[in-house]
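Undergrad: Got a structure here, written out as structure tokens. Questions coming.
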Amino acid sequence: FTTEDLMDATVAELTDAMLGGRLTAEKLVQMYIDRIETYDKALGLNSIISLNPTALEDAKKADELLASGRILGRLHGIPVLVKDNIDVAGMATTCGDVNRRHEIADADAQVITLLKNEGAIILGKTNMSEYAVSGAESSSTMGGTVHNAYDLKRTPAGSSGGTAVAITCNF
């Protein structure tokens, strides 16, 4: 399974690759981390505010479960990014505000619980306009201005600009 395979892979294709032994959740998570580091950081897209420090560990656990014949759900081993106004236990929920960078969630939001119950791995959090107040641009003190992946002089606009760019870039 290569980075090229990753570009347009569906959840079903990723799951088939894992079930067929051609891919592990750990390798998949690492591929996405590498892709984010290569493109988001290097190009200054600023679509990602933070990566989950336990994502690789969570992926290893998913691989161990799969090896023992246990599948948690339809998203088993699939990494997902979530907007930075959603609580993920152990991660800061800043809503784009740098002053909240030390406010670590002690519990998961309900949507995160549902994703994890289906086996998803929380890869990280996407940038957003601070407190989701701007429809005109995606900029925050925590993550900077989100830049359009096709034209760095432009912003994707809206409070979900980081998510939009992350999807566009196959993060």
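Undergrad: Which one of these is surrounded by fewer than 15 Cβ atoms within 10 Å (Cβ to Cβ), of a type in the set (Val, Ile, Thr) and within 18 Å of the chain's Cα centre (by Cα): 94, 113, 163?
TA: Numbers: 94 fails: surrounded by fewer than 15 Cβ atoms within 10 Å (Cβ to Cβ); 163 fails: surrounded by fewer than 15 Cβ atoms within 10 Å (Cβ to Cβ).
That would be 113, the only listed residue that is surrounded by fewer than 15 Cβ atoms within 10 Å (Cβ to Cβ), of a type in the set (Val, Ile, Thr) and within 18 Å of the chain's Cα centre (by Cα).
Undergrad: So, one more: Do you know which residues across the stretch 30-55 are basic (Lys, Arg) and either within 18 Å of residue 142 (Cβ to Cβ) or in contact with a Gly (Cβ under 6 Å, 6 or more places away or on another chain) (or both)? Please lay out each step first, then the result.
TA: The first filter runs over the stretch 30-55 and keeps only residues basic (Lys, Arg), leaving 35, 41.
Matches in the stretch 30-55: 41 only.
Undergrad: Something else: Open to solvent by 60 Å² or more (accessible area, probe 1.4 Å) and more than 30 Å from residue 145 (Cβ to Cβ): does that describe residue 63? Even if it seems obvious, please write down each step before you answer.
TA: Values: open to solvent by 60 Å² or more (accessible area, probe 1.4 Å): no; more than 30 Å from residue 145 (Cβ to Cβ): yes.
In short, no.
Undergrad: A follow-up question, please. Scan the stretch 97-118 and give yes if some residue there is more than 27 Å from residue 3 (Cα to Cα) and touching a helix residue (DSSP H, G or I) at 6+ places or on another chain (Cβ under 6 Å), otherwise no.
TA: yes
Undergrad: Can you name the residue in the stretch 6-35 that is over 19 Å from residue 68 (Cα atoms) and acidic (Asp, Glu) and, of all such residues, is least open to solvent (accessible area, probe 1.4 Å)?
TA: Only one residue fits best here, namely 34.
Undergrad: In the set 126, 93, 155, which member is within 18 Å of residue 49 (Cα to Cα), among the hydroxyl-bearing types (Ser, Thr, Tyr), in contact (Cβ under 8 Å) with a residue 12 or more places away in the chain and in contact with a His (Cβ under 9 Å, 6 or more places away or on another chain)? Step through it out loud before you land on a result.
TA: Values: 126 fails: in contact with a His (Cβ under 9 Å, 6 or more places away or on another chain); 93 fails: in contact with a His (Cβ under 9 Å, 6 or more places away or on another chain).
Only one candidate passes the filter, namely 155.
Undergrad: Sticking with this one: Of all residues being of a type outside the set (Asp, Glu) and touching a Ser or Thr at 6+ places or on another chain (Cβ under 8 Å) in the stretch 111-130, which is modelled with the lowest pLDDT? Just the residue, please. Please lay out each step first, then the result.
TA: Step one: filter the stretch 111-130 for residues of a type outside the set (Asp, Glu), giving 111-117, 119-129.
Okay, now just the ones that are also touching a Ser or Thr at 6+ places or on another chain (Cβ under 8 Å), so 124-129.
Working: 124: 98, 125: 98, 126: 98, 127: 97, 128: 95, 129: 92.
The qualifying residue modelled with the lowest pLDDT is 129.
Undergrad: Quick check on residue 125: is it within 17 Å of the chain's Cα centre (by Cα), of a type outside the set (Gly, Ala, Ser) and open to solvent by 30 Å² or more (accessible area, probe 1.4 Å)?
TA: Working: within 17 Å of the chain's Cα centre (by Cα): yes; of a type outside the set (Gly, Ala, Ser): yes; open to solvent by 30 Å² or more (accessible area, probe 1.4 Å): no.
Spelling it out, it is not the case that residue 125 is within 17 Å of the chain's Cα centre (by Cα), of a type outside the set (Gly, Ala, Ser) and open to solvent by 30 Å² or more (accessible area, probe 1.4 Å).
Undergrad: Something else: So residue 69 fits all but one of (1) within 24 Å of residue 35 (Cα to Cα); (2) surrounded by fewer than 16 Cβ atoms within 10 Å (Cβ to Cβ); (3) modelled with pLDDT of 95 or more; what number is the exception?
TA: It fails just one condition, (1).
The values are calculated or read from the model by the stated rules, or taken from the named source; none is laboratory data. None of the values given here were measured: they were computed from a predicted structure. Glycine also receives a Cβ, built like all others from the backbone with ideal geometry; neighbour counts cover every protein chain displayed. Note: accessible area is taken over every heavy atom of the protein model, side chains too, but ligands, DNA and RNA are not part of it. Shrake-Rupley method; radii C 1.70, N 1.55, O 1.52, S 1.80 Å.
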